[in-house]
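J.: Just passing along the structure, written as structure tokens.
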Amino acid sequence: MEPNLRSSVLVVDDNQDLAENIAEILGLRGYVAVVATSAEEALPKALPQGPDVLVTDFRLPGINGAELVRQVRQRRREVRAIVISAYTDDETIAAARDAGADFLPKPVDFGALARFIDAT
């Protein structure tokens, strides 16, 4: 499936190298990707207008990824979100889904991530 060249993605991870790596790979697949290293940095990039897709780590300094998704989706219901995390316990996955996001474990499966974004 060809990527939607208009899809924009906000990648949020406190590991800047990982966030930039994800953004670079998404860029090679035709997406416009922007990086933030905290939820507090991401919010101004996501509101009032922002990306089509939010990809965020669950464990962030300050506001966690599920709360970031919740805050963004309260104002922009159309944003699709996916939470990524090395922590795959039921509580983490449930928090992501309760916030309105899908969940992918780390290390990131870029094929699965691209399929999720392509579905937008």
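J.: With each pseudo-label sitting 7 Å past Cα toward Cβ, what's the Q16-Q49 distance in nm, one decimal?
T.: 2.9
J.: Could you work out [θ]222 nm for the chain from helices alone, using -39500 (n - 2.57) per DSSP H run of at least four and dividing by all its residues? Round to the nearest 500 deg cm²/dmol.
T.: Details: 5 runs with 50 residues, N = 120.
That calculation yields -12000 deg cm²/dmol at 222 nm.
J.: For A81, which sequence-distant residues (separation of 5 or more, or a different chain) have an amide H within less than 5 Å of its own amide H, given hydrogens modelled in the peptide plane?
T.: Residues meeting the amide H criterion: L54, D102.
J.: Calculate what fraction, in whole %, of the accessible area of the chain sits on carbon and sulfur atoms when a 1.4 Å probe is rolled over the protein chains. Working shown, then result.
T.: Working: 3000 of 6130 Å².
Carbon-and-sulfur percentage of accessible area, whole number: 49.
J.: A further question follows. With charges set only on the Cβ (+1 for Lys and Arg, -1 for Asp and Glu), what does the dipole of the chain come to about its Cα centre, in debye to the nearest 20?
T.: Details: 13 positive and 19 negative charges, 107 e Å.
That gives the chain a dipole magnitude of about 520 debye.
J.: Something else about it: How far apart, in nm, are two points set 7 Å out from the Cα along the Cα-to-Cβ line at D90 and at D118?
T.: About 3.3 nm, to one decimal.
J.: OK, next. Just the number, please: percent antiparallel of the DSSP beta bridges in the chain, rounded to the nearest 5. Please report the intermediate quantities before stating the final value.
T.: On the way: 0 of 18 bridges.
Antiparallel bridges make up about 0 percent of those DSSP assigns within the chain.
J.: Turning to a different aspect of this structure: Sticking to Cα atoms, compute the Rg of segment 60-114 to one decimal and its Dmax as the biggest Cα-Cα distance, whole number, in Å.
T.: 11.0, 30
J.: Hey, if you drop one equal point scatterer on each alpha-carbon of the chain and run the Debye formula without solvent, what base-10 log of I(q)/I(0) do you get at q = 0.17, 0.20 Å⁻¹?
T.: Log-scaled intensity ratios, in q order: -0.73, -1.06.
The values are calculated or read from the model by the stated rules, or taken from the named source; none is laboratory data. Bear in mind that the values here come from a model prediction, so they are computed numbers and not experimental data. Here the Cβ is made from the backbone with ideal geometry for all residues, glycine too, and neighbour counts use every protein chain on show. Note: accessible area is taken over every heavy atom of the protein model, side chains too, but ligands, DNA and RNA are not part of it. Shrake-Rupley method; radii C 1.70, N 1.55, O 1.52, S 1.80 Å.
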